[in-house]
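The values are calculated or read from the model by the stated rules, or taken from the named source; none is laboratory data. As the structure is a prediction and not an experimental result, all values here were calculated from the model. So basically every Cβ, Gly included, is an ideal-geometry build from the backbone, and we count neighbours across all protein chains shown. We work out accessible area using only protein heavy atoms, side chains counted, and drop any ligands, DNA or RNA first. Shrake-Rupley method; radii C 1.70, N 1.55, O 1.52, S 1.80 Å.
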Amino acid sequence: MNREVSIGHMKSFFGTRWGIISVGAVIGVLAPVLQKLGNPGNMGVCVACFQRDIAGALGLHRAGVVQYLRPEIIGFVLGSLIAAYCFREFRPRAGSAPIVRFVLGAFAMIGALVFLGCPWRAMLRLSAGDGNAIVGLIGLIVGIWLGTRFLKAGYDLGRSNKTYASVGWLMPLIMLGLLALLFVFPQAKGEARSGVLFYSTKGPGAMHAPVAVSLIAAIAIGFLAQRSRFCTMGAIRDLVLFRIPHLFYGVLALAVFAFVMNLILGQFHPGFAKQPVAHTMHAWNFAGMVLAGLAFCLAGGCPGRQLFLAGEGDGDAAVFFLGMIVGAAFAHNFALASSPKGIGAHGVAAVIIGLLVCSFVGLTMRRKA
Amino acid sequence: MPETVDASGLSCPQPVIMTLNKIKEVDKGEIEVFVDTDTSKENVSRAAQSQGWDVAEITKSGTGYRMLIKKE
């Protein structure tokens, strides 16, 4: 009985304004700390960047500077899984337009890599003084706004179905498999390869906090985010579509706390030029995030939220994650991704194609009134 | 008989969109909303309350929930 009561209280707390604010605050504090402990600049916990690094670690792309099997991604899924089981919310489900979610995931990643960051990193970059993030965030808002137009016109991915528990477990199992690889093949100092895994010897892929710290921090974030439904895309979408600011308070808390932490840790450097892992081509910072924002909106969640959903048994969110991994591979293999020097050779074409594909999806998948 | 919104199997934000559309359509009275997940349940509650509707009842229904929202 007592346990029921305490579970009820915790449930209700995370559903409140202070609940979502506290989760945003925790992420806002942990991200700069992880950066201080070794993660790349303004990339304390960037979901897109870290998934791209995982694609590199597995050799799906061979961009030498972004190869590391990031424990943060693993921790997000496992933290969410633990929370879902603790609070009886593990609900295996799948079958809502998986191929569409895969393609949206791929283009979301490509858009994010043209800007160089997911919505989480856009906030982290802003909180560290990177002015280019403002342009990216405006792009994100425009992309999500476009998505809400499709939603208003009846866009719908269709229903999922309840399924076997094993379907919901596949994504956490994939994560446990990756974690096993990380432990079996740890990086040897200065070596670019360890067993089947690729590692960076320089660049952002070579920068990382200790594995245990990253993993524990990410499990905590995954747990809290599952409880509070933290979602950066949903924050903007709900504000635009319903005028409901609930999730937005969480994102705001993330930015404010990250800003304070960056000040304390000496990581706040205002300006546009020479920001860590960023470029100053404003039009493409904007357009990349328009594409990412639109794809996230059509898929129903930012990349972090998709991981938390996958942890609580959503097989379709897991497919979105796989799409992002493949999108990252294409982004680097086809020179679509940007670098601090500027956009990739084919980044412009990829953004245009991505916007066309997302518009096709948004226009054609409409519920009949 | 309350109006019905069947949002089972649909993910965020569809249950909220469907509920708000129904609220606009009926203006007042009772609406029963079927959702699968706790997230949808919370989102629909928040959206209904933002429109001045009360969440009168939440019961288990299959693997999800049946919510009854009301406005006098």
**Message:** For peptide A:228-235, what's the mean number of Cβ atoms from other chains within 10 Å of each residue's Cβ?
**Reply:** 2
**Prompt:** Can you pull the mean other chain C-beta count within 10 Å for peptide B:4-16?
**Reply:** 5
**Eligible aspartates and glutamates near A:Lys152 by straight Cα distance, threshold 16 Å, same-chain separation 8 or greater** = A:Asp238, B:Glu25
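If I stretch the segment between A:Ile264 and A:Arg88 completely, what's the gain in nm (0.36 nm per residue apart, minus their alpha carbon distance), one decimal?
Computed gain between A:Ile264 and A:Arg88 is 59.5 nm.
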**Asked** What's the FRET efficiency of A:Lys274 with A:Tyr164 using the Cβ-Cβ distance as r and R₀ = 41 Å, to the nearest 0.05?
**Response** 0.20
**Complete:** Rg from C-alpha atoms of chain B, normalised by the globular rule of thumb 2.2 N^0.38 Å, equals 0.94
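Report the full-extension gain for the segment A:Val142 to A:His282: residue separation times 0.36 nm, less the Cα-Cα distance, to one decimal in nm. Write down the numbers at each step before the final one.
On the way: separation 140, 0.36 × 140 = 50.40 nm, distance 1.45 nm.
Extra length available between A:Val142 and A:His282 comes to 49.0 nm.
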**Request:** Would you work out which of A:Val33, A:His279, A:Val240 lies farthest towards the positive end of the dipole of chain A, given +1 charges on the beta-carbon of Lys and Arg and -1 on that of Asp and Glu, about the Cα centre?
**Result:** A:Val240
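Placing +1 at every Lys and Arg Cβ and -1 at every Asp and Glu Cβ, with all other atoms neutral, what dipole size does the protein assembly as shown have around its Cα centre, in debye to the nearest 20?
Approximately 480 debye in magnitude.
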**Complete:** Excluding ligands, DNA and RNA, the carbon-plus-sulfur percentage of the accessible area of chain B with a 1.4 Å probe reads 45 percent
**Item:** Positive minus negative residues near B:Thr4 (Lys, Arg vs Asp, Glu; Cβ under 11 Å)
**Value:** -2
**Prompt:** Can you give the charge dipole size of chain B about its Cα centre, rounded to the nearest 20 debye, using +1 on the beta carbon of Lys and Arg and -1 on the beta carbon of Asp and Glu?
**Reply:** 100 debye
**Prompt:** Nearest 0.05, what FRET efficiency do B:Val26 and A:Lys36 give at R0 = 45 Å with Cβ-Cβ as r?
**Reply:** 0.25
**Message:** Between 0 and 90 degrees, rounded to the nearest ten: what's the tilt of helix B:38-50 against the longest Cα principal axis of chain B?
**Reply:** 10 degrees
**Complete:** Honestly segment A:26-181 on the Cα gyration tensor test (a ≥ b ≥ c root eigenvalues; a/c under 1.5 rounded, otherwise a/b vs b/c for prolate or oblate) is just oblate
**Message:** Of all beta bridges DSSP finds with both residues in the protein assembly as shown, what is the antiparallel percent, to the nearest 5?
**Reply:** 75 percent
**Fill in**
Two pseudo-spin positions, 7 Å from Cα along C-beta at B:Glu72 and at B:Asp54, lie apart in nanometres by 0.7 nm
**Message:** Restricting to DSSP H runs of at least four residues, report the calculated mean residue ellipticity at 222 nm for chain B, -39500 (n - 2.57) per run over all residues, nearest 500 deg cm²/dmol.
**Reply:** -11500 deg cm²/dmol
**Fill in**
Chains A and B: accessible area buried, summed over both chains, 1.4 Å probe, nearest 100 Å², reads 1900 Å²
**Largest-first principal axis extents, alpha carbons of the protein assembly as shown, Å** = 70, 48, 41
**Prompt:** Is any helix in chain A, taking whole DSSP H runs, at least 24 angstrom long along its axis by alpha carbon and on average at least 0.5 on the Kyte-Doolittle scale, and which ones?
**Reply:** A:17-36, A:98-115, A:132-152, A:165-184, A:211-228, A:246-264, A:282-299, A:315-333, A:347-364
**Asked** Counting DSSP beta bridges in segment B:3-71, what percent are antiparallel, to the nearest 5?
**Response** 80 percent
**Request:** Over the whole of A:314-326, what's the average partner chain Cβ count within 10 Å per residue? Rounded to a whole number, please.
**Result:** 0
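Averaging sequence separations of C-alpha pairs under 8 Å and six or more residues apart, then dividing by the length of segment A:2-364, give the relative contact order as a whole percent.
It rounds to 36 percent for segment A:2-364.
With n ≥ 4 as the cut-off for DSSP H runs, can you work out [θ] at 222 nm for chain A, using -39500 (n - 2.57) per run divided by the number of residues, rounded to the nearest 500?
The per-residue figure over chain A is -21500 deg cm²/dmol.
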**Message:** Starting from the Kirkwood Rh over alpha-carbon pairs, what translational D in µm² s⁻¹ does segment A:114-228 have by Stokes-Einstein at 20 °C and 1.002 mPa s?
**Reply:** 117 µm²/s
**Request:** For segment B:3-71, calculate the relative contact order in percent as a whole number, restricting contacts to Cα pairs under 8 Å that are 6 or more residues apart.
**Result:** 35 percent
**Asked** Once the Cβ-Cβ distance between A:Arg367 and A:Asn333 is put in as r, and R0 is 41 Å, what FRET efficiency do you end up with, to the nearest 0.05?
**Response** 0.65
**Request:** Give the relative contact order (percent, whole number) for segment A:308-369; include only Cα pairs under 8 Å separated by 6+ residues.
**Result:** 14 percent
**Request:** Mind telling me which of A:Leu179, A:Leu113, A:Leu309 comes out most flexible in a GNM of chain A, alpha-carbon contacts under 10 Å?
**Result:** A:Leu179
**Request:** Using a 1.4 Å probe and ignoring any ligands, DNA or RNA, find the accessible area of B:Tyr65 and quote it in Å² to the nearest 10.
**Result:** 20 Å²
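What does the net charge come to around A:Phe107 if you take all other residues with beta carbon closer than 15 Å to its beta carbon, with K and R at +1 and D and E at -1?
+2
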**Complete:** Given backbone amide H placed at 1.01 Å from N, residues whose amide H is under 5 Å from that of A:Ala278, ignoring those fewer than 5 places away on the same chain, are none
**Asked** So what is the accessible area of segment B:3-71 per residue, in Å², with the probe set to 1.4 Å?
**Response** 42 Å²
